[in-house]
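Please read the structure below before turning to the comments.
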Amino acid sequence: MSIRVATAGAGFPFAAYLDLTKPRILSLVLVTTALGFFLGDRGIHSLPLFLYTLLGTAWVVGGSAVLNHYLERDVDGAMERTRNRPLPAGLVKPSTAMSFGLCLVLGGVAVLLLGANLLTAFLALLSAFLYVVVYTPMKRLTWLNTSIGAIPGALPPVGGWTAATGQLESGALALFLILFAWQHPHFYAIAWIFREDYQRGGFKMLPVVEPEGRRTCRHIVAFSVLLIGASALPTLLGISGVVYLYGALLLGLGLLGAGVSLAWSRSEVHARRLLRASVVYLPLLFVLCAVDAGF
């Protein structure tokens, strides 16, 4: 609705271009990047560096999302949940979207290189490469795409950490493991809910490859258990305190319980509950980690 209004009223589809950057995912990425920077820097001691890090990351991630839209424009048009996206709907020309995405990615890498450091710029470029060049085509080839896609999804807090410290340290790897594990129950829940749509689009998601859902649920439970272990690392490494640890364990058990319920029923109702639980889990965990940081 807002896209159509913006297009008709202003002549330039600003809202459509914004939609191409996947702003909801982008906002989550910026939160994880900020957390990595905050924990790595033990606060925020250089506001310009912090802002350059967020700006460069936003451009790279937004540009990657635009290129993902470009590569999947035909498939998006075949699926009900994505047919109204800007490219299938004809609101933005494919060639324009490709140029826009490339400019954002390259501009973001330049901002990180000049405003932060080489390591952070490299991690951002690596994340864009894995997301656009590896993960996007793999969605049509193998169900392992979820695990491959979880790698670039887990790199932003690492980039935030390296921007603040210039080093790749154990704390950054702990944040990576948390994000990597969390994405599996989160995205498997989405894939279960929209498995018929993904099948129409030709995506080899695990619930499409194995419709009974047994393997999907085993993966959900396994990665939920892994997430509980990974979430304890910030305390073990001295980044956060005991309050965070207890909170992380409670949140992890809640997410695991939602996963077990889905494994028991394999119903869309419980898949949506797991999705909601995963959406609630991450921001609460990050708040606990930041508030109870052991500086």
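Assorted remarks:
- Cross-chain or 6+ apart pairs with Cβ under 6 Å, segment 54-76 first and within 13 Å of S99 (Cα to Cα) and in contact (Cβ under 8 Å) with a residue 60 or more places away in the chain, then part of a helix (DSSP H, G or I) and among the hydroxyl-bearing types (S, T, Y): S64/Y131; N68/T136; L71/T136
- Residue check for R215: under 23 Å from V75 (Cα atoms) and among the basic types (K, R): no
- All positions within segment 154-163 that are crowded, with 23+ Cβ neighbours inside 10 Å and either within 11 Å of the chain's Cα centre (by Cα) or under 16 Å from F286 (Cβ atoms) (or both): L155, P156, P157, V158, G159, G160, W161
Conditions (1) in contact with a helix residue (DSSP H, G or I) (Cβ under 9 Å, 6 or more places away or on another chain); (2) hydrophobic (A, V, I, L, M, F, W, C); (3) outside the structural domain of A277 (by TED's automatic domain parsing); (4) not in a helix (DSSP H, G or I), marked per residue:
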{"site": "G149", "(1), (2), (3), (4)": "yes, no, yes, no"}
{"site": "A164", "(1), (2), (3), (4)": "yes, yes, yes, no"}
{"site": "F176", "(1), (2), (3), (4)": "yes, yes, no, no"}
{"site": "W192", "(1), (2), (3), (4)": "yes, yes, no, no"}
{"site": "F203", "(1), (2), (3), (4)": "yes, yes, no, yes"}
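- Answer from G238, G229 - the residue that is within 30 Å of L35 (Cα to Cα) and outside any helix (DSSP H, G or I): G238
- The number of residues in segment 22-74 being surrounded by fewer than 21 Cβ atoms within 10 Å (Cβ to Cβ) and not in a helix (DSSP H, G or I) comes to 6.
The values are calculated or read from the model by the stated rules, or taken from the named source; none is laboratory data. What you see is a predicted model, and the numbers here were worked out from it, not measured in a lab. Heads up, the Cβs are rebuilt from the backbone with ideal geometry, glycines too, and the neighbour counts pull from every protein chain shown.
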